[in-house]
């Protein structure tokens, strides 16, 4: 009987010591080491790839934002603020979860097949809106000029980037709305166009938030 109690107490003591040691190693030391390495070697990525403007964090380079006018009475979806470059459509996971305002509570693709009637209608409506919004006196967007990313959402629904082609068909409209020259706005797009990662992965892209921050600074400088 005494031996059984002694062995049980010994095993419980060993288990408790193992629990404390493993908790210390995996719950304290390991997270601190990993966090320290991340902060030293990958400071920007470890902190969410934050983008700052005037010393304040205004977003992340990994997450898209909406650039809309205030919601008017009776409206369910706000109209885009056309003085800014617009990002990709932000459709969510279905009819009950449209992520039209880049709400981080939910993200995802539509999961609709290419021949789905709802998806086809969404693409047609988005294409018509892109042509209408970006056609200004002296410049008309042709249907053939509208790239795929202008009318379809990404897999996450929160893509922060657009293609250089989509950015360029917005140049005339942005220049007119902000009383800037085409050359000034076109230069902004060129300056914020990133090439393929390592020269071969992905496609050239433009981060919309970074581009609009630069646009805001240019407008302030010229006004």
Residue in segment 111-161 that is farthest from residue 79 (Cα to Cα), counting only those that are outside any loop (DSSP other than H, G, I, E, B) and touching a helix residue (DSSP H, G or I) at 6+ places or on another chain (Cβ under 6 Å): 139
Inter-residue pairs, beta-carbon under 7 Å, first assigned by TED's automatic domain parsing to the domain that holds residue 215 and in segment 178-190, second part of a loop (DSSP other than H, G, I, E, B) and surrounded by 12 or more Cβ atoms within 10 Å (Cβ to Cβ), 6+ apart: 178/83
2 or more residues farther than 28 Å from residue 61 by Cβ and either assigned by TED's automatic domain parsing to the domain that holds residue 60 or modelled with pLDDT of 85 or more (or both): qualifying helices (runs of 4 or more DSSP H) within segment 1-47: 2-24
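The values are calculated or read from the model by the stated rules, or taken from the named source; none is laboratory data. In this text the structure is predicted, and so the values were computed from the model without any measurement. No Cβ is skipped: glycine too gets one built from the backbone with ideal geometry, and neighbour counts run over all protein chains shown.
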